[in-house]
Amino acid sequence: MTTSATATRVGWVRRVLSAVATCVLLVALAAAGALAVVPRALGGAALTVLTGSMAPTYQPGDVVVVRGVEDAASEVQVGDVVTFQPVSDDPALVTHRVVGKSFTSDGTTFVTRGDANTADDDPLVPEQIKGVAVYHVPFVGHVSLWLGGHRGTLVVAVAGALITYSVLMLLRPERARAPIPGPGPIGRPGDDLSGVARGDRADAAPVPTPGGAP
């Protein structure tokens, strides 16, 4: 294999690796924004689906991003997917769809049911509803569950490594380009041009003096 062919192959491999690293970085940044930045901005959270009660809408391992709710009685409507506490003040959370909303003298109550379930959940009061689903990201929850308590550290480490690599790629000095040769001195064979500045013509005709004298 010639040197030129080897250099071409190495350059092609570097371009491919750079493109792959850039794509991975963009995906990592998008995931970080979708699963960390946006939920915090919405006053909500990113929750991993553990069961199939909301299939086919959400599958186990999906991550559902919910926005926080301040006044469920006015903010939540039938058809919304909500995250609630089945038992008030219990940290356990369930995400199901609202299939009924009632107004009585005692206040507003909600009825929820998983899309894959055939029975309704127990009625809820507004205080039990903590969030409304905004969007979900498939499969990411599997990674989160697999990482367990170390997922925050690993995510930060991977993001830092990708960002560092991208910065290094951006700051990597380009290979010096060969200078484009400019116009060189022109003369007759055998002329000594060592003292002639580049671009001057050694054989240029003398400028005529007034009156035609050389």
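Here are a few things to note about the model shown:
- With a 1.4 Å probe rolled over the protein heavy atoms of all chains, the accessible area of HIS142, HIS136, HIS96 falls in the order HIS142, HIS136, HIS96, largest first.
- Solvent-accessible area of LEU50 with every protein chain in place, 1.4 Å probe, in Å² to the nearest 10: 120
- Sequence-distant residues sharing a close amide H with GLY44 (under 5 Å, placed H): GLY68
- Classification of the range 28-128 by its C-alpha gyration tensor yields an oblate form. The axis ratio a/c (a ≥ b ≥ c) is 1.5 or more, and b/c is at least a/b.
- Accessible-area value, ASP122, 1.4 Å probe, nucleic acids and ligands omitted, Å²: 120
- Inter-label distance, VAL143 to ASP90: 3.3 nm, where each label sits 7 Å from its Cα along the C-beta direction.
- Considering only alpha-carbon pairs that sit under 8 angstrom and 6 or more positions apart, the relative contact order computed for the range 28-71 is 38 percent.
- The stretch between VAL78 and ARG14 holds 17.7 nm of extra length on full extension. This uses 0.36 nm per residue minus the Cα-Cα distance.
The values are calculated or read from the model by the stated rules, or taken from the named source; none is laboratory data. Nothing here was measured: the structure is a model prediction, and the numbers come from that model. We place every Cβ from the backbone using ideal geometry, glycine too, and count neighbours over all the protein chains shown. With ligands, DNA and RNA removed, areas are computed over all heavy atoms of the protein, side chains included. Shrake-Rupley method; radii C 1.70, N 1.55, O 1.52, S 1.80 Å.
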